[in-house]
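Note sheet for the following structure.
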Amino acid sequence: MDSYILREFIMPFIFCVAMFSCVGVAIATISDLSHRIIESNLPLFSAFQVFILKFPEYVGYALPFSVLLTSLLTYSRLSKDSELIALQSSGISLYRIIAPTIVASLVITLVTFAFNELIIPPSNYRATSILAGDSGIVNKYTVQQDIFYPQYEEIITADGKVKRELKSLFYAQEFDGREMQNITVIETNNHQLEKITVSESGNWNNNEDEWDFSNGVIYDIKINLSQISSNFFQHKKIPLPKTPLELASKSRSPYEMNIRESFEYIEILEQVGNQKSILMYRVRTAQKISFPFICIIFAMIGSAIGAKFNQNNKGTSFGLTVLIVFGYYLTSFFIGSLGLIDVLSPTMAAWLPNFICFGIGVYLLTKS
């Protein structure tokens with residue numbers, strides 16, 4: 001029985017993945033690339049590269065939706081041909097009958113997770129890099145200009161409380177991928193301005209864990225600006241954190257990072273103190289973890305509806321799939337937005353749509 005149901009499931013599933021992927025990439029990518037070819041003079045070869053690189057993203061979306069449609073089609077056909085009734089008459093419960101599909105969906109969940117971690121992020125990043133290089137598209141997540149990094153230190157006050165105070169402020173006008181340009185560093189001590197360093201350029205010295213500044217001046221400031229001295233330099237080693245470089249070089253869209261890279265970037269943002277970006281990356285990272293598990297839930301929902309739906313009508317099945325997917329995305333978007341404005345925790349914002357769909361799946365299975 002298990003092998004028979006899996007044979008009925010696998011081939012339609014592969015077809016559905018191919019269909020959803022092609023439709024998705026055609027709708028979302030081809031028209032946009034055509035516009036960029038005409039308006040931004042994007043080379044045809046670059047457009048072709050971007051088209052191929054965007055395919056994995058839509059395969060990742062197609063996997064759970066294909067599970068839903070295929071399980072619905074499989075069990076509606078079994079129901080129409082009275083094979084479900086025959087199996088249940090033999091004493092086999094519906095839960096046992098749908099077990100092969102649930103196991104298959106678990107494997108697909110692992111495949112989706114691996115796909116989203118290993119293939120989609122580098123493909124998306126490469127596609128964005130090609131668009132940025134050939135048509136001048138600016139990635140809003142990339143920090144290449146006006147890099148700010150405030151460094152704080154914790155101070156214990158007289159009443160024993162811990163307070164954060166600004167220790168230094170790093171600003172670079174531009175980052176070209178190798179070094180910072182037009183740098184200004186302001187250092188304070190006990191709420192007083194202590195030193196200002198201005199430099200034409202600077203790069204990080206990995207061997208000595210400090211910055212190498214070139215062609216600049218250091219202004220040493222005495223208390224209350226009573227005396228200011230300046231020291232010009234051609235090369236100067238500055239003991240500052242590496243964080244500004246990490247902030248500029250590791251900045252990407254959440255969809256261009258895997259989970260490990262997202263957590264590393266969140267740690268960098270925590271040092272900067274950008275709470276809005278921290279919250280957004282936490283929500284998106286939690287959603288990356290939760291999304292693959294919708295495969296199992298969609299298998300439950302599709303199997304339950306298919307078992308009750310005894311007409312093997314592919315058009316109706318496709319319509320139901322679109323309706324369910326639309327409902328899931330609408331719910332996920334609304335609840336995710338609550339996470340982005342800090343009404344819900346990132347974990348709750350990512351997993352609550354899955355819990356709602358899981359409850360619906362359990363209810364439908366019970367009724368079946």
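Each peptide in 277-283, 341-347 gets a packing score, the mean of other Cβ atoms within 10 Å over its residues, and the list from highest to lowest is 277-283, 341-347. This ranking places L68, L106, L330 by how few other beta-carbon atoms lie within 10 Å of each, fewest first, which gives L330, L106, L68.
Give the aspartates and glutamates whose C-alpha is closer than 16 Å to that of K222, dropping any in the same chain fewer than 8 places away, or say none. K222 reaches E187, E194. Take every pair of alpha-carbon atoms less than 8 Å apart whose residues are at least six positions apart; their mean separation over the length of the chain yields a relative contact order of 19 percent. Quick one: Kirkwood hydrodynamic radius for the stretch 145-247, alpha-carbon pairs, angstrom, one decimal? Kirkwood radius, the stretch 145-247: 14.6 Å. Taken over the chain, the convex hull of the Cα atoms encloses 190 Å³ per residue.
Highest mean packing first, where packing is the average number of other Cβ atoms within 10 Å per residue, the peptides 24-30, 159-165, 182-188 line up as 182-188, 24-30, 159-165. Close amide H contacts of Y152 (hydrogens built in the peptide plane, cut-off under 5 Å, sequence separation of 5 or more or a different chain): K167. Calculated FRET efficiency, S34 to E270, Cβ-Cβ distance, R0 = 56 Å: about 0.85 to the nearest 0.05.
With a Förster radius of 22 Å applied to the C-beta separation of L166 and S337, the computed FRET efficiency comes to 0.10.
In terms of the mean number of neighbouring beta-carbon atoms within 10 Å, the peptides 4-14, 119-129 order highest first as 119-129, 4-14.
Read-outs: derived from the displayed coordinates by stated rules, not from any lab. Just so we're clear, the structure is a prediction, and the values are computed from it rather than from any experiment. Cβ sites come from the backbone with ideal geometry, for glycine too, and all protein chains shown count toward neighbours.
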